[in-house]
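The values are calculated or read from the model by the stated rules, or taken from the named source; none is laboratory data. Treat the numbers as computed from the prediction; the structure is a model and nothing was measured. Counting neighbours? That spans all protein chains shown, and the Cβs are built from the backbone with ideal geometry, glycine included. Note: accessible area is taken over every heavy atom of the protein model, side chains too, but ligands, DNA and RNA are not part of it. Shrake-Rupley method; radii C 1.70, N 1.55, O 1.52, S 1.80 Å.
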Amino acid sequence: MSQVYHRFLGVDLGWQSGPTGLCGLHLEGDSMRLVALDRLQSTADILAWIAHWAEGAASAVVAVDAPTIIPNQTGMRLPDRLAHKYFGRYDAGCYPANRGRPFAEKLIAFGLALESLGFQHQPHSTPKPQGRFQLEVFPHPATVHLFGLGKILKYKKGTLAQRRPELEKLRQHQLDVLPTLNPALELKAADLPEIPLTGAAMKAVEDQLDALTCAYAAAHWWTWGLERNWVLGDRAEGYIVVPAPIPPSPQPATLKPRSP
């Protein structure tokens, strides 16, 4: 008799022309491990990768670091405003999205393509929902809560000499902390690439490590639902799922889902 398993897939999506980091986690019983860490360019290849790793899973969750629901023509989405409200103090505010941005058409299409593969938006969920789901996530707030950071790790901006030690910290936090959380991720140093010394190679590893954060956020959402996750926004106006602080604290009242 085959074992029931679940898959959690992280997508650090290239918003315009850049490659996409990808990570796959496999949960079977109480054991969760990393099974895939990749980087692909074309949308067709990314969707094929997702379809491959979701195949056969009792539940599969795709967590995407990109706004795939963008209802507003101008200005900022509701989740963007909430991210600045709750995470601006950590330097973790997000880039505002609207339909006038050059990336909007591609990102909305990506979310719709996931829907065509059966991945539905259901951010306000009870624990361990059955089926295929997609989430918007944002690695910076996730790492602030999961790793108890006072400020984000600044591996995206600055000189190579400034960014590299920050990316090394991210890798070390993932190795040290993710195995201690619930759900626990079995992870050892050999599972993750070393931090390179050159810029292009370092960007490739950055994309993969961000994808790991996304995949873990997917697993955390599936395991706990609203009990231990915040949802910034909603299905209509766009949303970002963020793991609650460790130890968990409830969602602020302004984030609780609206009554129908």
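Judged by the mean number of other Cβ atoms found within 10 Å, the most tightly packed of the peptides 189-201, 161-173 leads the ranking 161-173, 189-201. All C-alpha to C-alpha distances of segment 11-146, sorted into 10 Å bins beginning at zero, yield P(r) values of 11, 39, 37, 12, 0 percent in whole numbers. For segment 153-260, the ratio of Cα radius of gyration to the globular rule of thumb 2.2 N^0.38 Å stands at 1.25. Each eigenvalue of the Cα gyration tensor of segment 101-166, multiplied by 5 and square-rooted, gives one semi-axis; in descending order these are 30, 19, 9 Å. Excluding ligands, DNA and RNA, the accessible surface per residue across the chain is 43 Å² with a 1.4 Å probe. If you take all other residues with their beta carbon under 14 Å from the beta carbon of G21, and give Lys and Arg +1 and Asp and Glu -1, the sum is -3. Cross-link reach is defined here as a Cα-Cα straight distance under 16 Å, omitting same-chain residues fewer than 8 places apart; for K188 the aspartates and glutamates meeting it are E168, D176. Note on segment 1-99: with charges restricted to the Cβ of Lys and Arg (+1) and Asp and Glu (-1), its dipole about the Cα centre is near 440 debye. Remark: the Cα gyration tensor places the chain in the rounded category, a/c being less than 1.5.
Estimated at 0.36 nm per residue, the fully extended path between K156 and A44 surpasses their Cα-Cα distance by 37.7 nm.
What separates the Cα centres of segment 208-227 and segment 76-104 is a distance of 20 Å. Solvent-accessible area assigned to carbon and sulfur over the chain amounts to 55 percent, based on a 1.4 Å probe.
Given a 1.4 Å probe and heavy atoms of the protein chains only, how would you sort S116, S42, S125, largest accessible area at the top? Walk me through the intermediate numbers first.
Numbers: S116 95, S42 45, S125 5 Å².
Highest to lowest solvent-accessible surface, that is S116, S42, S125.
Within the shell of other residues whose beta carbon sits under 13 angstrom from the beta carbon of A161, the net charge comes to +2, with Lys and Arg scored +1 and Asp and Glu -1. The listed peptides 28-41, 69-82, 128-141, ordered by packing as a protection proxy, come out as 128-141, 69-82, 28-41 (highest mean of other Cβ atoms within 10 Å first).
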